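See structure below.
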Amino acid sequence: MNLPSQFVERVTTQLGEEVAALFNALRESPPVSLRIHTGKFERSLPLDSVPWANDGCYLSHRPVFTLDPLFHAGCYYVQEASSMFLEQAVRQIGATEEPLKVLDLCAAPGGKTTHLMDLLSRESLLVSNEVIRSRAWVLAENVLKKSGTNTIVTNNDPVDFGVLGTTFDLMVVDAPCSGEGLFRKNRDSINEWSPENLNLCSQRQRRILTDALPSLKVDGHLIYSTCTFNPEENEEVVRWLIREHGYELVDLELDETWGFAEVDIMGSAAYQAFPHRVRGEGFFLAVLRKTQPSKVTSQLKLAEKKRRPKKRSRSRCGSCETETASPIRQTFERVTRRKSKEFEPWLNLDGERLQFVARGEQAYAFSKNNVEQLLMLAERLKVITVGLPVGEWKKHGFVAAHGLVLSELFNEEAFSVQNLTMQDALRYLRREPVETSLPDGVGAVAYEGHRLGWVKQIGSRSNNWYPQEWRIRMPLPEAEPWSILREV
Ligand code: SAM
């Protein structure tokens, strides 16, 4: 591995003699790890576990996850182990017990969001945001596979949150960074590294924080993380938050054997993972508490001005009015009992406190105690998806959404489900025809009891309803591929 010479100089100054161990670790292959989605995969795992994350585990090699049907069923998320350290921060500030309003600001592809979905209480609200539109759709896919009813996926600039006013009890900012910590996992980040880029990243991190932090409540917590080693993107940002914005650092209790280094910042600690000390990649995390209201910046004032309702413009047809905003800003409304009766029997609602909401013809199930907040946020943010997509009203009736078949709310008594062999499951996931013996109508197919998607059976023909955009494109191997089931 050819490391940039200025990077070598910088880490040598930072680590002294220890740097040789870092370079050795960077020559090794990165550990492979994943996080099981509880609720979807209830098995005790005799796996090599990640000590700082209850459902994290290492694998002995890197399999082709795309060819494991249970990956597509949302049974687990492939995630780098150091970044699962978020769990310690969330647990130790008590965020797993209380109903909180949480924002994951830089959330795609969804590692931290799907982890938060498992960690936060069911009464909490999670807004999971990604500024880059194409990445926001990938985030939405991962959120859908995890399944939940209290998450909103948005596609907004950080300042759009700043103008909301104090809303959140907890904000996670896993900031875009120079990516030094991922050198052995992502070789492109080596070529992209330069001191200039690192400075740009550091400025961008401060801008993102300044723009979004006004929406964090006083006394609320900020979890700031990067996958870098350098002080400019890490401890200097934290020092700036303390000095300029009145934040205070919150110490965590760690097991020394995990290998995380404590970075002393004005007498308190932030945490750094180096790949030669921790079984994972480079990662930095600090937990801060907000002690005073945010300053109102000129950027925020400008954004507030822009946000004022736009004039309505006559559409070409002349008979209806349309707003000049993006169509995704269409609002949500509560679904009446009369309308929800069409699909309620499809869901297992035992003990669930849900409210059905609709945007246009699409219906979603959302946690009842957060529905007011959803309706308010949907007026002001670009919402990609919310809660559990249940289905859509079409000309010939209500059609179930893919989200429902993957969810724990799927009512097994309302649909027939057929298990497929591994080869047939993969063919189904490639959107090829598969033979089933399901009764006529809409049914589901599964692999080893884990549902993969819908089919519509008409006589001896079975129409594959797997989402076109998610289908597996790689060819199928002759030999039986790896599955997480092999490990349990
Ligand atoms: N938290 C994610 C996870 O665990 O899967 C990884 C987040 S990645 C480190 C940083 C994210 O910030 C990227 O998805 C990137 O698109 C987004 N980003 C880039 N520029 C941004 C900006 N100016 N404001 C907010 N987010 C930005």
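The table that follows gives values for the structure above.
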| item | result |
| --- | --- |
| Proximal aspartates and glutamates relative to Lys295, as straight alpha-carbon distance under 20 Å, when same-chain residues fewer than 8 apart are discounted | Asp157, Asp160, Asp169, Asp211, Asp219, Glu236, Glu244, Glu248, Glu304 |
| Which listed pairs, of Lys112/Lys185; Lys40/Lys341; Lys101/Lys146; Lys217/Lys306; Lys112/Lys339, have C-alpha distances above 29 Å, in listed order | Lys112/Lys339 |
| Alpha-carbon centroid distance for the pair segment 1-80 / segment 431-488, whole angstrom | 29 |
| Surface accessible to a 1.4 Å probe, per residue, for the residues of segment 128-256, Å² | 36 |
| Estimated [θ] at 222 nm from DSSP helical runs (n ≥ 4, -39500 (n - 2.57)) normalised by residues in the chain, nearest 500 | -7500 deg cm²/dmol |
| Arg62-Ser437 pseudo-label distance in nm [points 7 Å out on the Cα-to-Cβ vector] | 4.2 |
| Global geometry of segment 207-255, whether rounded, prolate or oblate, following the gyration tensor of its Cα atoms and the 1.5 cut on a/c | oblate |
| Carbon and sulfur %, accessible surface of segment 17-138 computed with the full protein complex present, 1.4 Å | 50 |
| Gain in span if fully extended, Val417 to Arg430, counting 0.36 nm per residue against the direct Cα distance | 2.8 nm |
| Cα gyration tensor shape of the chain, rounded if a/c is under 1.5, else prolate or oblate by comparing a/b with b/c | oblate |
| Integer Hz, Karplus 6.51/-1.76/1.60 couplings in order for segment 96-111, x for Gly and Pro | 8, 9, 8, x, 10, 9, 10, 10, 9, 6, 10, 9, 6, x, x, x |
| In order through segment 219-230: 3J(HN,Hα) via Karplus (6.51 cos²θ - 1.76 cosθ + 1.60), integer Hz, x for Gly, Pro | 5, x, 10, 10, 10, 10, 9, 9, 10, 10, 10, 6 |
| Area accessible to solvent at Arg337, 1.4 Å probe radius, in Å² | 150 |
| Cα-based shape type of segment 344-435, given that a ≥ b ≥ c are square roots of the gyration tensor eigenvalues and the cut on a/c is 1.5 | prolate |
| Added length on full extension, which subtracts the Cα-Cα distance from 0.36 nm per residue, Arg473 to Glu98 | 130.8 nm |
| Hypothetical label at Glu480: residues of segment 430-471 whose amide nitrogen lies under 16 Å (7 Å Cα-Cβ projection) | 447-449 |
| Estimated FRET transfer efficiency when R0 is 22 angstrom, pair Asn24-Thr257 (beta carbons, to 0.05) | 0.65 |
| Computed E for Gln203/His396 - FRET, C-beta separation, R0 60 angstrom, nearest 0.05 | 0.65 |
| Rounded to whole Hz, the Karplus (6.51, -1.76, 1.60) HN-Hα couplings of segment 462-476, x for glycine and proline | 10, 7, 7, 9, 5, x, 3, 6, 9, 5, 5, 9, 6, x, 8 |
| With every protein chain in place, segment 368-430: carbon and sulfur % of accessible area (1.4 Å) | 43 |
| Accessible-area ranking of Asp104, Asp174, Asp255, largest first, probe 1.4 Å | Asp255, Asp174, Asp104 |
| Chain lengthening between Glu408 and Lys341 when straightened (0.36 nm per residue, less Cα-Cα) | 22.2 nm |
| In segment 91-197, GluC sites (Glu not before Pro) in a DSSP loop with at most 12 other beta-carbon atoms within 10 Å | Glu97 |
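The values are calculated or read from the model by the stated rules, or taken from the named source; none is laboratory data. Remember, it's a predicted structure, so these values are computed and weren't measured experimentally. No Cβ is skipped: glycine too gets one built from the backbone with ideal geometry, and neighbour counts run over all protein chains shown. Side chains are part of the model used for accessible areas, which takes the heavy atoms of the whole protein and leaves out ligands, DNA and RNA. Shrake-Rupley method; radii C 1.70, N 1.55, O 1.52, S 1.80 Å.
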